Amino acid sequence: MLFRSVDDSFEAFILGDKEVRADRVDHNPPSAATAQLFHAFTTKGSLEKWQEAMEFYNRPGMEMHQFVIGLSFGSIFTKFTPVNGALLHVFSPDSGIGKTTALYAGLSVWGDPLRLMLKETDTVNSTMNRAELYRNIPLFRDEMTNSSPKDLSDFAYMLPSGNQKNRMSASANQERTRGEPWHLTSVTTGNTSIMEKISSYKAFPKGEAMRMLEVRAYPVPGLEKEITDNLSDTILNNYGHASIKYLQYVMTNIEGIRDLFKNTQLRLDKKCGFTPSDRFHSVLVTDGIMGLMVAKHAGLINFDIPAVVKWVVGVTSGIKEQSKAMDVDAETKIGRAHV
């Protein structure tokens, strides 16, 4: 029951040892499953220093980074939809682009980014276990590069499903108890494309492609390693201050925010040309833009949101072209098989 809204009314939100309500913050006791993560939902530094770090991203060419931060804020809005998980993968063979730092920036909304971030060595099972605990807050995982094609395919299916796979208990001849479904956003990074790796394992991985949005990141002019190192240091020393202000703003304006989500999704679906089969992409994009809009209304960030929308439309347009090409390639191979 932790790390999620208590119910669909958003009257309270459990965040570590805090039960956040619109007008107060009460103490929340730990359970055996969640006590190990309470120390991740702490604060360090100041809100002002954190906002200075966020303002660094408020420049042309960093729309992808801003969108990742928006997905962190907007993860809780996945609860408004029938989709359980919305997945973005950011990849680039180049270093110094700030992919990892962008993940830290997003997670710093909620607590200690180092403790909340999942790493390359984490297994698919442990990642899904963390999703079950996080419930509505974002699940970010750095460096998927060395994951096997099968693990990547499993991840692409399991994360949007909202449940861990059924497993037997280690201590008894019975099924392991699974928690309630999660509803969240997830962002992963890597040096390579997940879809390219899965394609070496499966001939036509369209199911995975429809469940994730994959974008290639490019170097940002003037973004040198020393600059990103300093930014990362600021973020890692100033975190956890935005979450309560953000959640209380959402709970105070919940009905208006629900309506805004619906209207925003309709507008973005039209701009991006989404159809019912693009439901995962639709929720991902709406979560990201909604997260930015609500955080801006709450006085936490000051990003140029229309510029991020323009970037999103361009990215999704390219993804749809790739999907069409995949359909054509599949039909061609099937046709040849019958010659």
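The values are calculated or read from the model by the stated rules, or taken from the named source; none is laboratory data. Only a predicted model underlies this, so the values are computations on that prediction, with no experimental measurement involved. Quick reminder, even Gly has a Cβ in these numbers, built from the backbone with ideal geometry, and neighbours come from all protein chains shown. With ligands, DNA and RNA removed, areas are computed over all heavy atoms of the protein, side chains included. Shrake-Rupley method; radii C 1.70, N 1.55, O 1.52, S 1.80 Å.
Remark: pairs (first residue in region 88-108, within 18 Å of Val285 (Cα to Cα) and in contact (Cβ under 8 Å) with a residue 12 or more places away in the chain; second residue open to solvent by 20 Å² or more (accessible area, probe 1.4 Å) and of a type in the set (S, T, N, Q); Cβ separation under 8 Å; 6+ apart in sequence or on different chains) = Phe91/Asn191; Phe91/Thr192. Within region 264-282, the set of residues being farther than 16 Å from Gly318 by Cβ and open to solvent by 80 Å² or more (accessible area, probe 1.4 Å) comprises Leu266, Arg267, Lys270, Pro276, Arg279. In region 84-99, the residue that is most open to solvent (accessible area, probe 1.4 Å) out of those that are over 9 Å from Thr189 (Cα atoms) and not small (Gly, Ala, Ser) is Pro93. Just so you know, in region 60-82 the residues that are more than 13 Å from the chain's Cα centre (by Cα) and of a type in the set (A, V, I, L, M, F, W, C) include one that is farthest from Ser282 (Cα to Cα), and it is Met62. Please verify whether Tyr104 is under 13 Å from the mean Cα position of the chain (by Cα) and either open to solvent by 10 Å² or more (accessible area, probe 1.4 Å) or polar (S, T, N, Q) (or both), treating the condition exactly as stated. The answer is yes for Tyr104.
Of all residues in region 93-134, those satisfying the criterion of being modelled with pLDDT of 95 or more and outside any helix (DSSP H, G or I) are Ser108, Val109, Trp110, Gly111, Asp112, Met117, Leu118. Determine whether region 3-14 contains at least one residue that is open to solvent by less than 50 Å² (accessible area, probe 1.4 Å), in contact with a Gly (Cβ under 9 Å, 6 or more places away or on another chain) and among the basic types (Lys, Arg). Checked region 3-14: no residue is open to solvent by less than 50 Å² (accessible area, probe 1.4 Å), in contact with a Gly (Cβ under 9 Å, 6 or more places away or on another chain) and among the basic types (Lys, Arg). What number of residues within region 44-69 satisfy the criterion of being of a type outside the set (A, V, I, L, M, F, W, C) and open to solvent by less than 10 Å² (accessible area, probe 1.4 Å)? Qualifying residue count, region 44-69: 3. Considering region 33-43, the residues that are in contact (Cβ under 8 Å) with a residue 24 or more places away in the chain and of a type in the set (A, V, I, L, M, F, W, C) include one that is most open to solvent (accessible area, probe 1.4 Å), namely Ala33. Residues in region 283-317 that are touching a residue at least 60 places away in the same chain (Cβ under 8 Å), of a type outside the set (A, V, I, L, M) and open to solvent by 10 Å² or more (accessible area, probe 1.4 Å): Asn302, Asp304, Lys310, Trp311. Within region 9-59, being among the hydrophobic types (A, V, I, L, M, F, W, C) and not in a helix (DSSP H, G or I) holds for Phe10, Ala12, Phe13, Ile14, Leu15, Val20, Ala22, Val25, Ala32, Ala33, Phe41. For region 214-256, the candidate set comprises residues that are free of Cβ contacts under 8 Å to residues at least 60 places away in the same chain and among the polar types (S, T, N, Q); within that set, the residue that is surrounded by the fewest Cβ atoms within 10 Å (Cβ to Cβ) is Asn230. Listed conditions (1) out of contact with any His (no Cβ under 8 Å at 6 or more places or on another chain); (2) surrounded by fewer than 19 Cβ atoms within 10 Å (Cβ to Cβ) are all met by Thr81, apart from (1). So for region 279-301 (the condition being among the acidic types (Asp, Glu), at pLDDT 95 or above and over 20 Å from Lys79 (Cβ atoms)), does at least one residue qualify? No - not one qualifying residue is present in region 279-301.
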